[in-house]
Amino acid sequence: MLLRPLLPLFVLSTSLMAQDPGRDYFPPAPVPDRIILNLTERPAERVAVSWRTSPVVARSLVQVALADPSPDLEENARTIAGTSKTLLTDLNGARFHSAVMDSLRPATQYAYRVGDSTHWSEWNHFTTAAMDAAPFSFLYFGDAQNDLKSLWSRAIRGAYARMPDADFLLHAGDLINRSTRDHEWGEWFYAGGWIHAVTPAIATPGNHEYGRDTAGIPELSPHWRPTFALPENGPAGFAETAYSIDYQGARIISLDSPAFLYDSTAADAQVAWLEGLLAENPNPWTIVFMHHPVFSSKLGRDNEELRTRLEPLFVRYGVDLVLQGHDHTYGRGTNLNVGEGTRPTVDGPIYVVSVSGPKMYDAGLADWMDRAASNTQLYQLVSVSGDSLEYTAYTVTGERYDAFSLYRQPGGGPNVYVDRAPEETPERLDLPPRYERNYSDEQREEYRNRFEAYRTRKRGGGPD
């Protein structure tokens, strides 16, 4: 046995205290916390809200009023009763509440607060969507997952600081690491703070939002549905995981990719539902988001079943953009290999894989990728206006890292695709430190060869 030297007692004690798995650092109280807005299937008329309290709180109330510069909000507020359920977690028991603020006016700012008539939250503002097509933008986050308080916090806070007028947030799964750890959900909410309460969010589950029951069968985190109030308009059995929202001229679709890969029956149900949504789509833009990538950005991964079943539908029905996570690297490209001409148009969606948290993998630098990054935390802004879609990726330090534009052609046809990756920003492709340390000489050589092949493809498909 290898004996390690003893650490000084105060260092050991501090370390244990900092990582005490049995201590509840985010205990519920009568005053509401973990307040989060969610888009509904009718975002111009209805906005959902969820929150948490201690179990002794029995009432679930929301007060909502037209936002006004005067402080007289309560006098003009409408009170809505919500629903609640008790959840016993690994650390505590808590009461989770949700309600839908309905009969709202489109494109209108409202103020709201949640509580039980005795203990209230602060008043927060939100703005409903427009009823018809109109410009909008949203922030897209890949996996948060680890070190949520210490390191993911700079992603969501930096994104909001740069784009406070974004209409909503989109999370592509793996919000946390262990599906049943209440502490991790507490850190996720701590990192975003009041941002969650003023900017509506949508989310799709990742594999880390799934655990296994006593029989070893995958099951969705018991925190998922109490924590959120997402649409329930998907296929049967996929409430709040597979759903769609029509938002100001765009159809936005969440697919439950973990269930898709775990169970062929779940895959069949989602494929049939998806095809119906795509075939009867009155919106000019279509955006799909899910956790597992159709084209992987990590070395050694490939979700062939997902790609085989979904990509033909995406191409046939003109999906414009597919936003994903899971691979803890950055990749952006199309279903055509890099180097195949200038590609002024694309026959299929633009695929993006991104990561907002600190867990990092080695980049695959695969043929489909136009732009890549390794060992880099990012967030993305997507803006839609009329016949154009603009995409920009930023590092968490605020550097513009990637960008492209899509333009719809009059009369239909493939989108015009303009790569706007900033030439002054070199690609960050160094291996994450743990891979650099643990790679063998052969693995490092293989990575260098892949890196050179990637650079050659980007220069036009041939050698210098």
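Quick check: net charge around Glu240, other residues with Cβ under 13 Å of its Cβ, Lys/Arg +1 and Asp/Glu -1? Charge balance near Glu240 sits at -3. To put it simply, the accessible area of region 111-150 at a 1.4 Å probe is 48 percent carbon and sulfur.
For a straight C-alpha distance cut-off of 30 angstrom, the lysines reachable from Lys458 (same-chain residues fewer than eight places away being disregarded) are Lys298, Lys359.
Calculated [222 nm] ellipticity per residue, helices only, for the chain: -6000 deg cm²/dmol; basis is -39500 (n - 2.57) per DSSP H run with n ≥ 4, divided by all residues, nearest 500.
For region 308-459, the relative contact order comes to 21 percent (Cα pairs under 8 Å, sequence separation of at least 6). Computed on region 28-185, with alpha-carbon pairs under 8 angstrom and 6+ residues apart, the relative contact order is 22 percent. Counting other Cβ atoms within 10 Å, keep those with at most 14, restrict to DSSP loop, and tell me which chymotrypsin sites (Phe, Trp or Tyr not before Pro) in region 103-207 are left. Passing both the DSSP loop test and the Cβ count: Trp194.
Highest mean packing comes first when the peptides 271-283, 37-49 are listed by Cβ atoms within 10 Å, giving 37-49, 271-283.
Expressed as a whole percentage, what fraction of the accessible surface of region 171-276 belongs to carbon and sulfur atoms when a 1.4 Å probe is rolled over the protein heavy atoms? Result for region 171-276: 51 percent of the exposed heavy-atom area is carbon or sulfur.
The relative contact order of the chain comes to 13 percent, based on Cα pairs under 8 Å that sit 6 or more residues apart. Helices of the chain meeting both criteria, an alpha-carbon length of 15 angstrom or more along the long axis and an average Kyte-Doolittle score not below -1.0, with helices taken as full DSSP H segments, are 264-279, 304-316.
Averaging Cα coordinates gives a centre for region 49-64 and one for region 215-273; these two points are 25 Å apart.
Per residue, the chain exposes 43 Å² of solvent-accessible protein surface, assessed with a 1.4 angstrom probe and all protein chains in place.
Note on the chain: Kirkwood hydrodynamic radius from all Cα pairs is 23.3 Å, rounded to one decimal. Straight-line cross-link reach from Lys149 at under 17 Å between alpha-carbon atoms covers these aspartates and glutamates, not counting any fewer than eight positions away in the same chain: Asp20, Asp24, Asp33, Asp174, Asp182, Glu184, Glu187.
The values are calculated or read from the model by the stated rules, or taken from the named source; none is laboratory data. Nothing here was measured: the structure is a model prediction, and the numbers come from that model. No Cβ is skipped: glycine too gets one built from the backbone with ideal geometry, and neighbour counts run over all protein chains shown. Note: accessible area is taken over every heavy atom of the protein model, side chains too, but ligands, DNA and RNA are not part of it. Shrake-Rupley method; radii C 1.70, N 1.55, O 1.52, S 1.80 Å.
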